[in-house]
Amino acid sequence: MIYVTVGTDTHDFSRLIRTVDDIAKKKQVIIQTGYSSYRPQHARWFAFEKNSVIDEMYKKAHIIVTHAGAGSIIRSLAE
């Protein structure tokens with residue numbers, strides 16, 4: 001599974017999300033969209049979720065794509 005996270009940053013990451021959503025036509029992808037305006041059509045997604053749910057995403061993912069926020073990097077390295 002590929003997990004994509006943009007954290008709690010208020011920027012719009014729609015370009016990233018749209019690109020990864022296209023990949024979701026062939027691979028299992030879960031996207032945390034945050035404040036982005038684009039809503040995925042092929043990937044499972046959520047805007048924000050509890051930390052326990054986010055922790056599970058990090059544990060289950062084979063690939064993690066992040067916006068390079070400090071919290072996301074630290075969480076990725078911990079798994």
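Just a few scattered comments:
- Solution diffusion estimate, µm²/s, Stokes-Einstein, the stretch 20-62, Kirkwood Rh from C-alpha pairs, 10 °C, viscosity 1.306 mPa s: 145
- Mean projected area (nm²) of the alpha-carbon convex hull when the chain is viewed from all directions: 4.5
- Rolling a 1.4 Å probe over the protein heavy atoms of the chain, with every protein chain left in place, gives an accessible area that is 53 percent carbon and sulfur.
- Cβ-placed point charges (K, R +1; D, E -1), dipole of the stretch 29-70 about Cα centre in debye, nearest 20: 100
- Using the Cβ of N51 as centre and a radius below 13 Å, the other residues enclosed give a net charge of 0, where K and R count +1 and D and E count -1.
- Sorted on the mean count of surrounding Cβ atoms within 10 Å across their residues, most packed first, peptides 49-55, 18-24 read 18-24, 49-55.
- For the chain, the solvent-accessible area works out to 63 Å² per residue, with a probe of 1.4 Å and every protein chain left in place.
- Kirkwood Rh in Å, taken over the stretch 39-79 so that all alpha-carbon pairs contribute: 11.3
- For V29, the amide hydrogen comes within under 5 Å of the amide hydrogens of I2, R44, counting only partners 5 or more places away or on other chains and with H modelled in the peptide plane.
- Its relative contact order, with pairs defined as Cα atoms under 8 Å and 6+ residues apart, puts the chain at 38 percent.
- The modelled label-to-label distance for the pair I23/T8, using points 7 Å beyond Cα in the direction of Cβ, is 2.6 nm.
- Charge sum, other residues only, whose C-beta stays under 15 Å from L16's C-beta, Lys/Arg counted +1 and Asp/Glu -1: -1
The values are calculated or read from the model by the stated rules, or taken from the named source; none is laboratory data. These numbers were taken from a predicted model, which means no experiment stands behind them. Using ideal geometry, Cβ is built from the backbone for each residue, glycine included, and neighbour counts are taken over all protein chains shown. Heads up: the accessible areas ignore ligands, DNA and RNA and are worked out on the full protein's heavy atoms, side chains in. Shrake-Rupley method; radii C 1.70, N 1.55, O 1.52, S 1.80 Å.
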